[in-house]
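As structure tokens, the structure follows; a few thoughts come after it.
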Amino acid sequence: MAAHFVGETPLFALADGTIHRWGGGAPTRAHAALLAATPTADCRALITSGEDGRVCRTGDAGEPLELAAVPRKWVTYVASSLRGAVAFAVGRSVWLHEGPGALRELQHARSVAGLAFSPDGERIAVASYGGVSIHPVYPGAQGAKLEWQSIYAGIAFSPDSRFLIAFMREALMHGWRLDDGQHFRMTGYSERIRSWSWSADGRWLATSGAPSAILWPFEGFEGPIGAAALELGAPRGDAPVTAVACHPARAEVAIGYADGALSLAGIDDGAVRMLRPSGRGVVSAVVWHNSGSRIAFGTERGECGVLDVPR
């Protein structure tokens with residue numbers, strides 16, 4: 001379900017609740033069954049949650065440390081902020097964990113369907129049916145309510161905090177320009193968007209859900225409003241794009257497909273380089289090492305790997 005570099009070590013989190021550490025050693029069990037995973041902002045640990053009501057932090061040693069627990073509940077979403085706070089969702093409640101024993105609850109009228117901290121960690125956005133609520137995490141930050149009647153599956157702030165993007169259960173995205181509340185739709189997908197990634201310069205949002213990777217421009221005041229999307233990567237017949245990851249420094253996108261293939265595409269020139277021609281199972285996770293020289297990936301059938309990617 002998730003692959004992330006924690007320091008120099010790739011960690012692979014599986015749906016059965018186990019976390020595998022690349023390079024040897026027995027897997028460790030963080031949960032009875034995994035529901036969500038996200039890296040900390042400093043990339044020193046992986047935050048996970050599961051059907052056992054636990055929220056855990058796993059570092060490069062591979063041993064999970066319990067941060068919080070809500071007995072007999074499913075913890076469906078987790079998020080980590082630049083300032084070190086962790087948020088997790090249980091039903092209609094979002095809990096903010098800001099240190100040992102420090103938990104704060106934010107209640108909502110409907111079940112939570114997405115969490116995202118703003119890039120500066122000052123605010124947290126919470127999606128539920130019918131809209132998104134933005135809450136201040138610390139005194140002085142501004143809250144907001146954004147309405148749109150649909151079923152949500154995830155949300156993300158743009159790197160400059162000017163836009164908020166919601167990923168729907170349908171094959172589309174909905175967005176808001178936060179300066180004035182202008183909202184817009186982003187369509188053209190063949191299936192639900194399950195993977196997204198911002199380019200290193202914040203100019204592009206790469207997404208899965210189509211035969212090619214779809215990139216939306218976020219330059220200028222209008223951003224993607226009224227703009228055409230860019231398509232990257234050679235389509236592979238009936239195998240759509242299922243995972244994307246932008247390079248941490250260069251204008252390139254790693255693209256995973258439903259047939260297990262992996263490619264690398266240049267944003268500026270569209271050039272495509274095949275990294276892995278095929279594999280076992282749908283590519284469900286792709287992530288770059290901070291150096292930009294390695295990729296870790298995983299598939300829905302439990303296959304995983306690390307690839308060197310020469311410039």
**Q.** Positions within segment 231-246 being part of a loop (DSSP other than H, G, I, E, B) and touching a Ser or Thr at 6+ places or on another chain (Cβ under 8 Å), in sequence order
**A.** G233, A234, P235, P240
(Q) With the requirement that a residue be under 19 Å from the mean Cα position of the chain (by Cα) and either among the aliphatic types (A, V, I, L, M) or under 21 Å from A239 (Cα atoms) (or both), what does segment 202-225 give you? (A) L205, A206, T207, S208, G209, A210, S212, A213, I214, L215
**Q.** Every residue from segment 268-304 that is of a type in the set (D, E, K, R) and in a strand (DSSP E or B)
**A.** R273, R276, R294
Q. How many residues are charged (D, E, K, R), at pLDDT 95 or above and closer than 22 Å to A243 by Cα when one looks only at segment 1-54?
A. 1
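Could you tell me whether L232 is closer than 23 Å to M1 by Cβ and over 18 Å from the mean Cα position of the chain (by Cα)?
Spelling it out, it is not the case that L232 is closer than 23 Å to M1 by Cβ and over 18 Å from the mean Cα position of the chain (by Cα).
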Q.
So H108 passes all but one of these: (1) touching a Lys or Arg at 6+ places or on another chain (Cβ under 7 Å); (2) of a type outside the set (V, I, T); (3) over 29 Å from R169 (Cα atoms). Which condition number does it fail?
A. (3)
Q: Being among the charged types (D, E, K, R) and buried (at least 18 other Cβ atoms within 10 Å of the Cβ) is the filter; apply it to segment 248-277 and report the residue that is nearest to S291 (Cα to Cα).
A: E252
Q: Need at least 1 residues that are in contact with a Lys or Arg (Cβ under 7 Å, 6 or more places away or on another chain) and over 25 Å from G266 (Cα atoms) per element, so show me which strands (runs of 3 or more DSSP E) inside segment 121-230 make the cut, counting only ones lying wholly within it.
A: 123-128, 131-136, 152-157, 173-177
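Quick one: count up the residues across segment 82-118 that are among the polar types (S, T, N, Q) and under 26 Å from P159 (Cβ atoms).
The qualifying residues number 1.
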Q | Residue satisfying all of: in segment 83-125; within 19 Å of the chain's Cα centre (by Cα) and surrounded by fewer than 16 Cβ atoms within 10 Å (Cβ to Cβ); modelled with the highest pLDDT among these | A | D120
Q | strands (runs of 3 or more DSSP E) contained entirely in segment 1-119, each with at least 3 residues that are in contact with a Pro (Cβ under 9 Å, 6 or more places away or on another chain) and on the phi < 0 side of the Ramachandran plot | A | 2-6, 18-21, 46-50, 54-58
Q. Is it the case that V241 is of a type in the set (A, V, I, L, M) and either within 23 Å of M168 (Cα to Cα) or under 17 Å from the mean Cα position of the chain (by Cα) (or both)?
A. yes
Q | Odd one out for R301 among (1) under 23 Å from T18 (Cα atoms); (2) crowded, with 20+ Cβ neighbours inside 10 Å | A | (2)
**Q.** Lone qualifier among A234, A228 - being surrounded by fewer than 16 Cβ atoms within 10 Å (Cβ to Cβ) and in contact (Cβ under 8 Å) with a residue 24 or more places away in the chain
**A.** A234
Q.
So for segment 126-140 (the condition being at pLDDT below 95, among the β-branched types (V, I, T) and more than 24 Å from V55 (Cβ to Cβ)), does at least one residue qualify?
A. no
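The values are calculated or read from the model by the stated rules, or taken from the named source; none is laboratory data. Treat the numbers as computed from the prediction; the structure is a model and nothing was measured. When we count neighbours, we look across all protein chains shown, and the Cβ atoms used for this are built from the backbone with ideal geometry, even at glycine.
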